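Worksheet: the structure to be examined is printed underneath.
The values are calculated or read from the model by the stated rules, or taken from the named source; none is laboratory data. This one's a predicted model, so the numbers in the text were calculated from it and none came from an experiment. Positions of Cβ are generated from backbone atoms using ideal geometry, with glycine treated the same way; all protein chains shown enter the neighbour counts. Keep in mind that these areas ignore ligands, DNA and RNA; they rest on the heavy atoms of the full protein, side chains included. Shrake-Rupley method; radii C 1.70, N 1.55, O 1.52, S 1.80 Å.
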Amino acid sequence: MSTVYDIGVLPGDGIGSEVVNEALKVLTAIEQIYGFSTKRETMPYGAEHFLKTGEMMPDVAFERARDLHAIVFGAVGDPRIEVGKLEFAIIAGLRHKLDLFVNLRPIKLYHESLCPLKGKLPEHIDMMFCRENTEDAYVGMYGATKKGTPDEISMQQMLYTRRGTERIIRYAFELAKARGPKPGQDKAKVMLVDKANALRSQELWTRTFTEVKVEYPDIDTDHAYIDAACMFMVQNPERFDVAVTTNLFGDIITDLGAELVGGIGIAASGNIHPGQVSMFEGIHGSAPLLAGKDSASPLATILAVALMLDHIGQNEAKLELDACVADLLQTGKIRSLRTGEHKCSELGDMVRDELLARAVRTK
Ligand code: IPM
Ligand code: MN
């Protein structure tokens, strides 16, 4: 019997269903080539579901999710609904309730034409951000008083635990160990990105990083404050290999990173708890203005499926899918990721066809 994986499919809002359809089209081809299968179940949550039923994402859905192998996620967010409501209930809900403590965000340049920096080639930009995904300003501790008056006070708590800090730092070191040194380097490297000079609560990160690194003598370490790290990303992206950072800084710097490699149309992420159900999505939002036009790039979600394949133990399929997207970009078959250049469904077809053609060639 071939292996069957239970996969939740949560298209969400806006362009979500279009990009997820293309990613699933690609997944079907992968299954044919690698001889496993998926049992897919739709999770209908998002704006439409909320407007129809008044329900965001119920507890039973999170319970069900725990028994799945992985979830493919489109995007949520809708102009008809108060900012942050869907995001908090669904994205943050999944991250927090399923304890998906790693937000893994590869920043990898597939072709020089996708990079806005002068003279940068694929070998210059290849880094992995490990964004802590369950703590920091995202824990939802905020409030306001004297609202609407000149004396108004508004606050939001940034919270770090030793356990939460240590597990993401350890994950980063293990990832660096697994990746090995970058070409031309003696050792793999982990960079800590924080703002401990101003946010003294992040001294916990400094101390934990210092303690954990002792266990990894074969890994180089580096440190940058978040403001300087943003500068280095543009000035000297070669400096980055694996980087580990807090939730909010990781959110911001990975959008900058995405822009270095072609924009949010190609930037994938995995919300991961090793060994448990995990959720995979593009880092982009629901782009309501592009919805229904078959014009959003599905590559971010397709590459998120690649991360999912790695998570469920189909590493060879992951590498092949990644290589296939790289090939389409490097040979110029995908001309550019600008909106309007290729249709969403066309890009999905191209990746599927390329996978199938390569499989025939290597048989
Ligand atoms: C992301 C998004 C989310 C975040 C939003 C939608 C809450 O920007 O996944 O990067 O801030 O984490
Ligand atoms: Mn973001």
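Checking region 143-159 against the condition returns a match, with at least one residue being surrounded by 14 or more Cβ atoms within 10 Å (Cβ to Cβ) and under 24 Å from the mean Cα position of the chain (by Cα). Of all residues in region 195-221, those that are assigned to a loop (DSSP other than H, G, I, E, B) have Cβ atoms under 9 Å from Cβ atoms of residues that are open to solvent by 80 Å² or more (accessible area, probe 1.4 Å), 6 or more apart or on another chain, in Lys195/Tyr225; Lys195/Asp227; Ala196/Tyr225; Asn197/Tyr225; Ala198/Tyr225; Tyr216/Glu174; Tyr216/Lys177; Asp218/Lys177. Residue check: is Arg170 more than 16 Å from ligand 1 (Cβ to nearest atom), touching a helix residue (DSSP H, G or I) at 6+ places or on another chain (Cβ under 8 Å), modelled with pLDDT of 95 or more and farther than 22 Å from Gly282 by Cα? Yes. The set of residues in region 324-363 being of a type in the set (Lys, Arg) and open to solvent by 80 Å² or more (accessible area, probe 1.4 Å) consists of Lys333, Arg335, Arg338, Lys343, Arg361, Lys363. Scanning region 200-228 for residues that are open to solvent by 10 Å² or more (accessible area, probe 1.4 Å) and closer than 17 Å to Asp251 by Cα turns up Tyr225, Ile226, Asp227, Ala228.
When each of Val214, Val261, Val305, Val244 is tested for being more than 30 Å from Leu86 (Cβ to Cβ) and among the hydrophobic types (A, V, I, L, M, F, W, C), the lone residue that passes is Val214. Look at Thr254 and say whether it is open to solvent by less than 10 Å² (accessible area, probe 1.4 Å), over 30 Å from Leu347 (Cα atoms) and among the β-branched types (Val, Ile, Thr). Spelling it out, it is not the case that Thr254 is open to solvent by less than 10 Å² (accessible area, probe 1.4 Å), over 30 Å from Leu347 (Cα atoms) and among the β-branched types (Val, Ile, Thr).
The one condition from (1) surrounded by 24 or more Cβ atoms within 10 Å (Cβ to Cβ); (2) under 29 Å from Ala359 (Cβ atoms); (3) more than 13 Å from the chain's Cα centre (by Cα) that Thr301 does not meet is (3). Screening region 304-319 for residues that are touching a residue at least 40 places away in the same chain (Cβ under 8 Å) and assigned to a loop (DSSP other than H, G, I, E, B) and picking the one that is surrounded by the fewest Cβ atoms within 10 Å (Cβ to Cβ) gives Ile312.
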